[in-house]
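As structure tokens, the structure follows; a few thoughts come after it.
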Amino acid sequence: MTNSSTRRGRPKSTEKRRALLDASAALFLINGYDKTSMDAVSNEAGVSKQTLYSHFANKDQLFRACITAKVEDHGLDLSWADNATPIEETMTRFGVMLIGLFNDPKVLAMYRLLMAESEHHPQLCQAFHEAGPLATKRLLANYLTEQAERGRLNIDDPLEAAELFVSVIERNMLVKKLLGVRDTPSPHDLEAFVRKRVRWFLNAQTP
């Protein structure tokens, strides 16, 4: 008999993929990239090597998938955005989520790990940049492009605009977090901080 909770839950393949991502992310942070093997990941996740390789062809692909998953976990893939919601509200929500990413201890730990390994593994930093910061900006650029096509924004270069918006939101907040400087505003102040910058951004982009 099929268990009803299993039937209604996530597919087993999805659960195994998530287990692999969680296990590999933890091992990367603890052991570093070089010392994290595919064998260790499969053991930590409690799945076979065959299952691991059915999801990820190699360690580089697995590392990139971990970064992508973290972006999605914080909602920065904009899968929740719709055209019925005012642009200001969508951008404000995105900005708040972006700051949430900067406050994630695992994200900060990954930044520190990459800074430590950057000299010997520049390709690792490149992979992180492509799967994380650059991918996030491209997702936002896609949203801005769609809004421009609907006549709601006037943007010549959506990716450049997305990079500008992220830099305005980021300010020096990420650097402060990496240095351990305590600067944690209340949710109300945080939203006000983001909304002010969203309005500035939209005033420059609205037809």
Charge dipole of segment 1-131 about the Cα centre (unit charges at C-beta), most positive-ward option of Pro86, Ala19, Ile30: Ala19
Rounded to 10°, Cα long-axis angle of helix 59-73 versus longest principal axis of the chain: 50 degrees
Cα gyration tensor shape for segment 50-131, rounded if a/c is under 1.5, else prolate or oblate: oblate
About the Cα centre, charge dipole magnitude for segment 61-200 (Lys/Arg +1, Asp/Glu -1 at Cβ), debye: 420 debye
Rel. contact order, % - alpha carbon contacts under 8 angstrom, at least six apart, segment 20-130: 25 percent
Across Lys59/Lys196; Lys12/Lys35; Lys12/Lys106; Lys16/Lys196, pairs whose alpha-carbon gap is larger than 32 Å: Lys59/Lys196; Lys16/Lys196
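Which shape class, rounded, prolate or oblate, goes with segment 58-100 when its Cα gyration tensor gives a ≥ b ≥ c as root eigenvalues, a/c under 1.5 marks rounded, and past that a/b bigger than b/c marks prolate?
Since a/c reaches 1.5 and a/b is larger than b/c, the shape of segment 58-100 is classed as prolate.
Would you work out the charge dipole size for segment 103-173 about its Cα centre, treating the Cβ of every Lys and Arg as +1 and the Cβ of every Asp and Glu as -1, and quote it to the nearest 20 debye?
Result for segment 103-173 is approximately 260 debye, rounded to the nearest 20.
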Helix axis angle, 135-149 relative to the chain longest principal axis, alpha carbon, degrees: 40 degrees
Bins of 10 Å from zero: percent of alpha-carbon pairs in the chain: 8, 29, 30, 22, 10, 1, 0
Nearest 10 degrees, 0 to 90: helix 12-31 Cα axis against the chain principal axis: 90 degrees
Accessible solvent surface per residue of the chain, calculated while the other protein chains remain in place, 1.4 angstrom probe, Å²: 56 Å²
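Over the chain, what is the relative contact order in whole percent, taking alpha-carbon pairs under 8 Å and six or more residues apart? Numbers along the way, then the final one.
Details: 152 pairs, mean separation 41.7, N = 207.
Over the chain, the number comes to 20 percent.
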Gaussian network model of the chain, Cα within-10 Å springs - most flexible of Gly180, Gly75, Gly32: Gly180
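The values are calculated or read from the model by the stated rules, or taken from the named source; none is laboratory data. Keep in mind it's a predicted model, so treat the numbers as computed, not measured. Note that each Cβ is placed from the backbone with ideal geometry, even for glycine, and that neighbours are counted across all protein chains shown. These accessible areas exclude ligands, DNA and RNA; they are computed on the full protein's heavy atoms, side chains included. Shrake-Rupley method; radii C 1.70, N 1.55, O 1.52, S 1.80 Å.
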